[in-house]
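> Mind having a look at this structure? Questions to follow.
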Amino acid sequence: MMRAWILPMWLVIGGSAVAVGLIFRGDPGAAAAFFLVFLILAGVHSPLFFPRSIGATEAQRRSAVDGRPIVFWRPGCQYCVRLRIRLGRSARQLHWVDIWRDPAGAAVVRATNEGNETVPTVVVAGRPHVNPDPAWVREQAVRPAP
């Protein structure tokens, strides 16, 4: 759980250090701007930016009922952030599994990717897709259940 917050914490600490340096140089406006940018980056890379994660077993059960895709992700992954941003509001229609919080989810991803924890891995109708195009994932999310 704690490692999900390491990158966001370092971004806040780094942004604070840059801001303090700019304040000492007499540029409080730039300090505020830099700190805001680092704070936004920290938020985007935090678990708070993603829909609430559930366990892999629960996600598989729900997906079997409603036909919605399962997204296996981890905090700090730039490709997961890209997918989340490009999905927009339709991201809430998917089942999200944080592989750092769910060992069963990590095992599913490793089994799919030859032992690697490559994310995002999206499972649609039982078939895994590694780092798929966000537009394709959006189409799968709005597709009616079989």
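> Given the conditions (1) exposed (fewer than 13 other Cβ atoms within 10 Å of the Cβ); (2) over 13 Å from the mean Cα position of the chain (by Cα), which single one is not true for Gly88?
(2)
> Mind listing just one residue for me: the one in region 19-50 that is in a helix (DSSP H, G or I) and of a type outside the set (A, V, I, L, M, F, W, C) and, of those, modelled with the lowest pLDDT? Before you say what the answer is, go through the steps one by one.
Looking only at region 19-50, we keep the residues that are in a helix (DSSP H, G or I), and these are 19-24, 28-44, 47-49.
Pick out the ones that are also of a type outside the set (A, V, I, L, M, F, W, C) and you get 21, 28-29, 43, 47.
Values: Gly21: 95, Pro28: 94, Gly29: 94, Gly43: 85, Pro47: 75.
Among them, the one singled out is Pro47.
> Quick check, is Leu11 within 14 Å of the chain's Cα centre (by Cα) and surrounded by 13 or more Cβ atoms within 10 Å (Cβ to Cβ)? Quick ask: steps written out before the conclusion?
On the way: within 14 Å of the chain's Cα centre (by Cα): no; surrounded by 13 or more Cβ atoms within 10 Å (Cβ to Cβ): yes.
No, not satisfied.
> Still on this structure: Name the pairs whose Cβ atoms lie under 8 Å apart, with the first residue in region 40-63 and within 19 Å of Arg86 (Cβ to Cβ), the second among the aromatic types (Phe, Trp, Tyr) and part of a helix (DSSP H, G or I), and 6 or more positions between them or separate chains?
Gly43/Phe49; Ser46/Trp5; Pro47/Trp5
> Residue under question is Phe72, and the condition is that it be more than 13 Å from the chain's Cα centre (by Cα), of a type outside the set (A, V, I, L, M) and modelled with pLDDT of 90 or more; does it hold? Show your work before the answer.
Working: more than 13 Å from the chain's Cα centre (by Cα): no; of a type outside the set (A, V, I, L, M): yes; modelled with pLDDT of 90 or more: yes.
No: the conditions fail for Phe72.
> Another one. Among what's in region 80-104 and is among the basic types (Lys, Arg) and in a helix (DSSP H, G or I), pick the residue that is farthest from Leu48 (Cα to Cα).
Filtering region 80-104 for residues among the basic types (Lys, Arg) gives 82, 84, 86, 89, 92, 101.
If we keep only those that are in a helix (DSSP H, G or I) as well, we get 82, 84, 86, 89, 92.
Details: Arg82: 15, Arg84: 12, Arg86: 17, Arg89: 15, Arg92: 13 Å.
Once the filter is applied, the top-ranked residue is Arg86.
> Check Ser53, Ser16, Ser63 and return the single one that is over 18 Å from Pro134 (Cβ atoms), among the hydroxyl-bearing types (Ser, Thr, Tyr) and not in a helix (DSSP H, G or I).
Details: Ser16 fails: not in a helix (DSSP H, G or I); Ser63 fails: not in a helix (DSSP H, G or I).
Selected residue: Ser53, the only one of Ser53, Ser16, Ser63 that is over 18 Å from Pro134 (Cβ atoms), among the hydroxyl-bearing types (Ser, Thr, Tyr) and not in a helix (DSSP H, G or I).
> Of all residues in region 66-76, which are outside any helix (DSSP H, G or I) and within 17 Å of Val137 (Cα to Cα)?
Looking only at region 66-76, we keep the residues that are outside any helix (DSSP H, G or I), and these are 67-76.
Listed by number, the residues that qualify are Gly67, Arg68, Pro69, Ile70, Val71, Phe72, Trp73.
> Of Ile99, Ile40, Ile70, which residue is within 22 Å of Met2 (Cα to Cα) and in contact with a Phe, Trp or Tyr (Cβ under 9 Å, 6 or more places away or on another chain)? Can you show your working first?
On the way: Ile40 fails: in contact with a Phe, Trp or Tyr (Cβ under 9 Å, 6 or more places away or on another chain); Ile70 fails: within 22 Å of Met2 (Cα to Cα).
Selected residue: Ile99, the only one of Ile99, Ile40, Ile70 that is within 22 Å of Met2 (Cα to Cα) and in contact with a Phe, Trp or Tyr (Cβ under 9 Å, 6 or more places away or on another chain).
> Go through region 108-137 and report how many residues are surrounded by fewer than 19 Cβ atoms within 10 Å (Cβ to Cβ), assigned to a helix (DSSP H, G or I) and touching a residue at least 12 places away in the same chain (Cβ under 8 Å).
Summing the residues that are surrounded by fewer than 19 Cβ atoms within 10 Å (Cβ to Cβ), assigned to a helix (DSSP H, G or I) and touching a residue at least 12 places away in the same chain (Cβ under 8 Å) in region 108-137 gives 2.
> Please go through region 91-125 and pick out each residue that is at pLDDT below 90 and more than 15 Å from the chain's Cα centre (by Cα).
Answer for region 91-125, where residues must be at pLDDT below 90 and more than 15 Å from the chain's Cα centre (by Cα): just Ala125.
> Just for region 64-78: of the residues that are under 28 Å from Leu41 (Cβ atoms) and either among the charged types (D, E, K, R) or touching a residue at least 60 places away in the same chain (Cβ under 8 Å) (or both), which one is surrounded by the most Cβ atoms within 10 Å (Cβ to Cβ)?
In the first step, residues of region 64-78 are kept if they are under 28 Å from Leu41 (Cβ atoms); the result is 69-78.
Retained after the next criterion (residues that are either among the charged types (D, E, K, R) or touching a residue at least 60 places away in the same chain (Cβ under 8 Å) (or both)): 69, 71, 74-76.
Working: Pro69: 23, Val71: 28, Arg74: 22, Pro75: 24, Gly76: 19.
Out of the qualifying residues, it is Val71.
The values are calculated or read from the model by the stated rules, or taken from the named source; none is laboratory data. Note that the structure is predicted; figures quoted are calculated from it, not measured. Please note: Cβ atoms are built from the backbone with ideal geometry, for glycine as well, and neighbour counts cover all protein chains shown.
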